[in-house]
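The values are calculated or read from the model by the stated rules, or taken from the named source; none is laboratory data. Bear in mind that the values here come from a model prediction, so they are computed numbers and not experimental data. Every residue, glycine as well, gets a Cβ built from its backbone with ideal geometry; the counts of neighbours run over all protein chains shown.
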Amino acid sequence: MKGLQLTRDEERIFDGEKGEPQKVAIRLLYSLGELGGADRLIPIKSAHISGVSYKNIGEGGIQFLRKMMTKVKVPTSLNPLGFDIENGGPVEIDQNFHKKQMEIIDIYREMGIMESYTCTPYYFYNKPSFGDHISWAESSAIIYVNSLIGARTNRESGPSALAAAIIGKTPDHGLHRNDGRKASVIVNVDSELDYTGFAALGLYLGPKLNRSIALIRGQRKASDLELKAFSAALSAVSSVPMFHVEGVTPEYNLVSDGAEVINVDKGSIDETISKNSSKEEPELIAIGCPHLSAEELSYIAGLVKGKKKVGPDLFLFTSREVKENSKDAVKTIENFGGKVFVDTCMVVSPLSNSYGKTGTNSGKATFYLPLSGYGNQKVTFTGIMDLLKWVIG
Ligand code: F3S
């Protein structure tokens, strides 16, 4: 093994001839490449950066970003931040949080990064194609684009995706190669799952898979939205970078010889839902983790249209572009008494400033929201119809 070989140009960057941020970036990529067994850096088509909310990265993160300030080389989108920039909310924030968050935004803006503020950039801002090499952070989006689109990214962190955006390259290892995309576990699921069932399957399977790629069998009718829910939940409780679904995802034929087999029955899914759900009445119904698509917003609008709002608050989370393109649905939801937020989400905003008990259909939020530092919430994890029962009079 010769280790990772840099081109003459890359060596100059490595030696600091092109500036300090570039030097730090390529050295980070070099170390990761050496660890992963890469022999070269390869060009990427796009990057997606997580670690945008001040709640997540704090003062240390701001200092790191200042050190890395330079223009990015490829189209680069950003994850959600701590509040809705134009409309405010979803909860009250203090002045210091606001100031620090705006500092972070200014740095990214200066670097030429898109002001997307969403974990579903693949709907509008940053849509990769099959086979594209990319460098993405945000675990739910990584699994989604690897699995459903067939784009190629390792599970990057905020700093490594930023480094790749600055250099325009990433180390060629892991998920960038065919061998790194093979399923080593086959999961047979004995009954067809709905949206909540897929979110629960993610929570159930994550600890069993750890980092392994699975081929899911028995779910040939799975929709993109259901697999988005699965992606988010699975990524929250494991280091899994992608999955395949037989007959559905584009690379499901990539399976290792002698793959281990796991059987999952409906009872395990029901038990996962019940085990992860508080029995307390929620103060807030929060939907949109990951951020809602236009189709989901329109579906929810149809369910609440003309109805009277009662009970807990209803918050929906999506991206600016989806909201902009769903004006009728948003109006219907707002007339009902719900609120549609952009730029932020239920996990990265300081929800616990105002709420202690939240109902959601998201497996990922069900995992994160109870954690201290993420919301300290008592979570009711259930399907959208049951959630809306709390708010429809
Ligand atoms: Fe997205 Fe926030 Fe959930 S970033 S996946 S809505 S935790």
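Contact annotation: residue pairs with Cβ atoms under 6 Å, 6 or more positions apart or on different chains, pairing a residue in segment 227-245 that is surrounded by fewer than 24 Cβ atoms within 10 Å (Cβ to Cβ) with a partner that is assigned to a helix (DSSP H, G or I) and basic (K, R), are A236/K364. Candidates in segment 105-147 are the residues that are crowded, with 23+ Cβ neighbours inside 10 Å and of a type in the set (A, V, I, L, M, F, W, C); of these, the one that is nearest to the ligand (Cβ to nearest atom) is C119. Entry remark, segment 195-226: residues being farther than 11 Å from V245 by Cα and over 20 Å from the mean Cα position of the chain (by Cα) number 1 in total. Of the strands (runs of 3 or more DSSP E) entirely within segment 305-393, those holding at least 2 residues that are among the aromatic types (F, W, Y) occupy 313-318. Candidates E295, E280: the one that is out of contact with any strand residue (DSSP E or B) (no Cβ under 9 Å at 6 or more places or on another chain) and either under 23 Å from A232 (Cα atoms) or at pLDDT below 95 (or both) is E295. Just so you know, in segment 64-104 the residues that are among the acidic types (D, E) and away from the ligand (no atom under 16 Å from the Cβ) include one that is farthest from S354 (Cα to Cα), and it is E103.
Out of contact with any helix residue (DSSP H, G or I) (no Cβ under 8 Å at 6 or more places or on another chain), free of Cβ contacts under 8 Å to residues at least 12 places away in the same chain and of a type in the set (S, T, Y): which single residue out of S212, S223, S157 fits that description?
Numbers: S212 fails: free of Cβ contacts under 8 Å to residues at least 12 places away in the same chain; S157 fails: free of Cβ contacts under 8 Å to residues at least 12 places away in the same chain.
Being out of contact with any helix residue (DSSP H, G or I) (no Cβ under 8 Å at 6 or more places or on another chain), free of Cβ contacts under 8 Å to residues at least 12 places away in the same chain and of a type in the set (S, T, Y) holds for just one of S212, S223, S157, which is S223.
Could you run through segment 350-367 and say how many residues are buried (at least 22 other Cβ atoms within 10 Å of the Cβ) and either more than 12 Å from the ligand (Cβ to nearest atom) or closer than 21 Å to L225 by Cβ (or both)? Please lay out each step first, then the result.
Of all residues in segment 350-367, those buried (at least 22 other Cβ atoms within 10 Å of the Cβ) come to 351, 355, 358-367.
If we keep only those that are either more than 12 Å from the ligand (Cβ to nearest atom) or closer than 21 Å to L225 by Cβ (or both) too, we end up with 355, 358-367.
Counting residues in segment 350-367 that are buried (at least 22 other Cβ atoms within 10 Å of the Cβ) and either more than 12 Å from the ligand (Cβ to nearest atom) or closer than 21 Å to L225 by Cβ (or both) gives 11.
For D257, the requirement of being surrounded by fewer than 14 Cβ atoms within 10 Å (Cβ to Cβ) and either over 30 Å from L78 (Cα atoms) or away from the ligand (no atom under 16 Å from the Cβ) (or both) is met. For segment 148-158, residues that are buried (at least 20 other Cβ atoms within 10 Å of the Cβ), of a type in the set (G, A, S) and assigned to a loop (DSSP other than H, G, I, E, B) total 1. I107 falls short on exactly one of the conditions (1) of a type in the set (V, I, T); (2) assigned to a loop (DSSP other than H, G, I, E, B); (3) farther than 18 Å from S46 by Cβ, and that condition is (2).
Yes or no: Y117 of a type in the set (S, T, Y), touching a residue at least 12 places away in the same chain (Cβ under 8 Å), under 23 Å from E321 (Cα atoms) and in a helix (DSSP H, G or I)? Break it down stepwise before answering.
Working: of a type in the set (S, T, Y): yes; touching a residue at least 12 places away in the same chain (Cβ under 8 Å): yes; under 23 Å from E321 (Cα atoms): yes; in a helix (DSSP H, G or I): no.
Taking the combined requirement at face value, the residue does not satisfy it.
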